Structure formats: C-alpha cells, structure tokens
1. Given the pairs B:Lys471/B:Lys581; B:Lys574/B:Lys604; A:Lys91/B:Lys476; B:Lys476/B:Lys553; A:Lys103/B:Lys480; A:Lys22/A:Lys67, which span a C-alpha to C-alpha distance of over 20 angstrom in this model?
2. Among B:Val295, B:Phe19, A:Gln26, which residue has its Cα furthest toward the positive end of the charge dipole of the protein assembly as shown, with +1 on Lys/Arg Cβ and -1 on Asp/Glu Cβ?
3. Over all residues in A:96-108, what is the mean tally of Cβ atoms on other chains that come within 10 Å of each residue's Cβ?
4. Would you mind ranking A:Lys103, B:Lys487, B:Lys539 so that the residue whose beta carbon has the fewest other beta carbons within 10 Å leads the list?
5. Roughly how tilted is helix B:99-115, in degrees to the nearest 10 and between 0 and 90, from the longest Cα axis of chain B?
6. Give the lysines whose C-alpha is closer than 17 Å to that of B:Lys401, dropping any in the same chain fewer than 8 places away, or say none.
7. Highest first, please rank the peptides B:462-468, B:425-431, B:277-283, A:45-51 by the mean number of other Cβ atoms sitting within 10 Å of their residues.
8. Pull up all non-local amide H partners of B:Ala334: gap of 5 or more, or a different chain, and H-to-H distance under 5 Å with H placed in the peptide plane.
Amino acid sequence: MKLLLAEDEPDVQLIARLALKKAGFQVVSVGNGVEVLARVIEERPDAILLDWMMPDMDGFETCRRLKADPATSAIPVIFLTAKVQESEVAKALALGAAGCIGKPFDALTLGQQVKAILQQ
Amino acid sequence: MSIRSRIFGVIGGVVVAAFLQTFVVIYLEGQRTKMTADLDRTLLQFENHNRLTRLVTELESAHRGYLLSGAPESRIEFEQLWSVYERTVTLLPQYVDDRDVQRRLRELDALVRDWHDTVAVPLIEAGREASDLAGTLLRESLPRMRAIRNDLDRLDIVVRDRLTNERQQASTQYLRITLVTLAIPALAIVMLLVLVAILARILLDPLAAVAQSARLISGGDFDVTLPEPRRDEIGALVRAFEDMSSAVQRRQRDLTDALSREREVSTMYATLRSKAEHEHARLLATISTVPAALVIYDAATGRIVLQNKAAESLIGQEPEDEAARQEHWQRYVATYRDGTACPREDWGPGRALRGEVVVGQELIVNHPDGRMIPILVSAAPLVNDQQQITGAVAAFQDITKLHEVDRLKSEFVSVVSHELRTPLTSIKGALQLLLDEIELPDPDHATLMGVALSNTDRLIRIINDILDISKIEAGKLELKVKVHEPKDLVRQSVESVAPIAEANGVALEPVVPADLPSVLVDSDRTIQAMVNLLSNALKYAPPKTAVTLEGSKLDDGFVQFAVIDHGPGIPPDKLDLLFQKFQQVDGPDTRRFRGTGLGLAITKALIEMQGGEVGVRSELGRGSVFTITVPVADAPVCPPS
C-alpha cells in the first residue's frame, strides 16, 4: 500500500515515514502541498497523509484542490493535525477527508491508525 | 426682730418724744406766764409803794403847809390827800402776795394812821393859836414821820429786792424756756439723724451691699461678700439673694458648662467636618484619578449621583430628563461573554441595588460609538445604619487591553507549546522506533533509553496540560459531547494508569454497578479528568494499598465517579486551594511529587464545562476522596454499530 506523506518538518517526516514503513506501508514523502499536487499523478498513492499546517500551501488548500480534481478526488486524504479540535476535524471532513490523526502521533501506532481510517 | 416692728418702734418713740416735748413746752409756757404775772404784780406793787411814799410825803407836806400858812386850801388838800391815802391803803393789799410786805404795809399803815390821828389832826384842830404846842407836836410829828419814812425805805428796799429778784428769776426762766424751745428742734433733728442712721444701718446698708453684690454678680463676679444674715426682712432678703445668687451661679456654671460643652462639640464637629471634607476631597480626587470607571447610584431613583471621568467616558453623562435618560441607557446594550443579552437590571449595579455584592461580572458592552467593550463589573450595595440600601457603588473596568494581553498570552503559549511539541514528537517517535527495532546488548543502555522515553512522555504531558489550560482560559476548548457508558470510561481510564499502579505496587479497583445509566460527556476529556485524579491518587497512595474508582448514581440526574485513596490525606486548610492553578499540597520548595500543578485545575474546568462538579473530602492520615459528577444522558445509548 502506497502512501504520499506531506510534512514540512523533516524530523517529523522521517519519524512518520519510518513508523509507516514499519507498519508495512510504502511511503513517498514530500515537504509541502505544492509537491503533493505535483507528485500525486505520478505516484498514484493509495492514500495521502497531509500535515495541516505547511508552508507554500497548507493541508486544507491542498485537500480542497485534490478533491476538486476528478483525477485525484477518489484518493483518501488523512490529516495529521495538532489542532485536534472538533471544528477543524469537521472542516476537514467537509472537504472530503477520510479522517484525522492528532499530532503528536504515537510512532508505534501510527500505521494502525491509518489502516483503521482507511478500512472505514 | 423684724424691720417693720423696728421702724414702728422708732417712729413710736419719736412720736412719744414729740408729745413729751410738747408737754414740756406747754408746761414751760405756763411757768413763763405765771412768772410774768408775778412780775407785773410786783411792778404794780412797786408803783403802789412809790405812790404811797409820794402820798405820805405830799400828805406831810400839805400838813406842814397848812400848819405853817394856816391856809384853808392847804387843809383841804391835806384832807383830800388823806382820803386818797386811805383808798390806796385799802386797795393795796390785794396786789401784795408777800406776807412780809403785807405785814410791813400794815405796820406802816398803823404808823401813818397813828401820825394822822395823834399828830396831824390834833395839830390842825389846834390851829394857829396853839403854835407852841404845834411846835412841840411838830417836833413829835417829825420823828414819827422819820420812822414812817424809814419803814417806807425798808419796804422800798424789800420791794426793790424782790423786783430785782423776780426780774432775775424771769430772765433765767426766759433763758431756760428759750433753751428748751431751741433744744426741741435740735433734739428732733438729732432724733431724725439717729432715725436715719438706724434706718441706714438696718435698711440701706444691707440693701446697698445687696445692690453692690447684684451689680458684681451681673458683671459675672460671684465672689461677693453679703451682709451677715439677720433674722429680719433684710436677712430674709439677704438669704433669698444668696439663694438667688447661688442659683444664678449654678445656672451660670451649668450654662458655662453647657456652653463649653457645646463649644467643644462644635469644635469637634468642625474638626470632624473638616476631616470629613478633607477625606471626601481626597476620596473624590482618588475616585476621579482611578482608571476604572466608578459610579455611585441612588437607591430611590436608580440614578447616578456621582461618577468619575473614566465612568463619564465609558457611559457618558446621564441626562436629567427621565425620558432622555431611558433613551440614553437604551443605547447601551450589554451581553454576557457567551453572547446572551444582559438586561440592564442584571448589570452589577442593578443587582447591587437589590442587595447583592457583585464581584467580577464580565459583560461586553455594545457602546453607542460602535465599540464592543469588554468590562469587568464589581458592585456593592451602600447600606445605612438601619440596614437599608441607600445606593450602590459600582466599578466598571474596561478590560479590552486585558483581553488583548490574555489573547496574546494564550497565543504565545499555544505557539510555544506547538514549537516545543514538534521536536518532542520527533524525539519520542525516534526513541520508540529505535527501542522497537533494536536489541541493546547492555541492559543499562536499554534502561537509559527507557528513561529518555518516559521523560519525553512527561514533557509532552506537561506541555499538553499547559495547552489545555490556555485553551480553557481562552474559551477555545471544544467538547465532543456524546452518550457514553460509564463502564467504558472507567475501563479506559484504569487501563491508561494501570502501568503506574503496577509500578507503584498499588491495587486499582474499579467499581461500576451494572445499573449505572449512560452519561452525556466528551469521553476523551472525561477520561482525562479521571486519569488526572487516578494519577494523583496513585502518586500519593502508599504501596500495598488500593485506589478505588467507584461509579454511582446520584438522585439529581448525575453520575458520580469517586477516586478513593488511603494516602496521607490533605490538610483542611489546603482543600480550597486544590482546584486552583499551580497549587500543590506541598509547597514549591518541598515538592515530593513533581507536576505542573495544573492537573486538578484542568480536571475541574473539564468537568464543569460538561455541567458537572468536582469535590474533595479528606482526612489526614486516612486518605482522600475526589469526586466528579457528569450528567446522565436523557436518551438511551444507541448500540455500537
């Protein structure tokens, strides 16, 4: 299963990539939303993990564009967000996101959480 | 003796003396009259005597003439003289009172008659022929005549003496009468003087003394010497005057005392007044200077009686006219922080006028100029001596800046916490993955890695707490309230602290009756609250004791969760502080158990936001019971899909 991970913080990106890899995912990681849009067609991931706050283009805008493009609108989007707030989650879900994972995430259970969301 | 009787006595004496004097005068006058009569009679006698003498002389002369001349005329003259003599001698004794003189007169008369009968008449009878004889007779007549003359002389001397004597007596008597007559007015004057003196002594002197005393007293000098009190009217007057004087003095003293008291009171009043005015001025200056808006309301009218500059700039000047005033206030609309409208009578001052003390009421005032001003209202009723509310004092504090600062602080804390959490997340993830991936040959290394991981966790918890509290304070914490089963909440809470319990050797005993109703809560936040309480209990519970989490249904539509430990307990004076921020039972210097001191504050906030309550009771040495209550769900729980 191939995941496209967008996280601007390199260390966090690394930890997340390693944790997901450990859980059996194939991970392509990028630093921002612009890169996500650039790589998504080429990589054709099974799911996309988006950090909420990123430079250049934030997760919200990225998600909106992904969902607006018929070519990518079917790909599930999972938000990684520190703002575990009902309103934020509701906003994300309204955009068509599959779910939210709160930051700081638990490296040992991150993969399971992603799987759980994708199975819904 | 009374003055009246004295005066009557004196006057009576004077009257008696005057009568006596009158009698004396009358008597003396009688004496004088009698004496004058005596003198007159003596004078007459003296004249008669002279006349008698002249008659005798003339008689002898006529006799002798006849004898010598023999003229009949001489004889007729002689006989006429004789008849005169006889008449005179007959008349004379009635004028004579002196027996001696009468006797002498009689003797004289006898001598004269003897001469007449024996000498004169015979000689005449004898005529001229018997001239010898006649010579002889003449010779006889002459001695007799000489004796008669001697008698007459002696009588004359006697009468003369007597006249002289009587004259002397009369003049003496006159003198006496004159003296007495003169003495009477003199005596009267003396008596009058004495009377005046007596009157003066008994009447005027004491009166003058009393008058003088009265003058002195009227001048305010009560140190007067009054005449010795006597047993009469003056004495009565003096005593009455003394009484009056002492009464006046007493009154004067009372008056002086009263005056001095009044002066004292008025001085005190003036001092107090000036002090009060000073205080008032100071208070006014203070009131006008404080940045908070201060307003004093009158209870009767509800109007503003005093406000400072800050108040005027915040709520303007209340118009005099009632309609304008209502309009004025309608332009100020206030809401609570949650946006619900706050009617004007529920503003702090309105509540204070109803007797309530309002502290820190937060309102957002929609100012007529368009600003939304957050204000903090504190108000208290003004109560008079009779415990009646006469007004209210209110302070409005514009907390716009405070809100701004608070917002900035929250933002800052939030940003900083995020910035701290990101690297911590990386550290934690890295350590977790590393520990999961590799086998460390040295057990110490594994322990060190464990220490790094657990401290990372603790740091993350602390940051989470800080984030939570800043969210709570900023009102930004949002709850996902849903229907949950108490047993699920208890299970999850117990599971998350089980490792700590195990590590501390403390038994965890969840007690959840089967009939507990479902509750309407944010599960994450409720579990967080229970975990906080359990963590605390486990921290303080001695090993080999049990910590119980017991659910129970309350009557008022709440479910209670009680965390019971058998730790050291909490001193009663600390109980109130427990749920405040940064409070620990141990002081900061003696902290045995580390933590932010935010856990219970967060717990309280989380539970209260859900409509529940937190509570604690504790006994030193016996342990503590912390309770939280959460509302029962009205709707039955939907079975999990």
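1. B:Lys476/B:Lys553; A:Lys22/A:Lys67
2. Going by the Cα projections, it comes out as B:Phe19.
3. 3
4. Values: A:Lys103 22, B:Lys487 15, B:Lys539 18.
In increasing order of surrounding Cβ atoms, one gets B:Lys487, B:Lys539, A:Lys103.
5. The answer is roughly 20 degrees.
6. The reachable lysines, counting only those whose Cα sits under 17 Å from B:Lys401, are B:Lys409.
7. Details: B:462-468: 18.7, B:425-431: 21.1, B:277-283: 10.6, A:45-51: 22.9.
Taking the mean over residues of other Cβ atoms within 10 Å, the ranking is A:45-51, B:425-431, B:462-468, B:277-283.
8. Hits under the 5 Å cutoff: B:Cys342, B:Asn366.
Every read-out reported here was derived from the displayed coordinates using simple, explicitly stated rules and does not represent laboratory data. Small disclaimer: the values here were computed from a predicted structure and weren't measured. Note: ideal-geometry Cβ built from the backbone for every residue, glycine included; neighbour counts use all protein chains shown.
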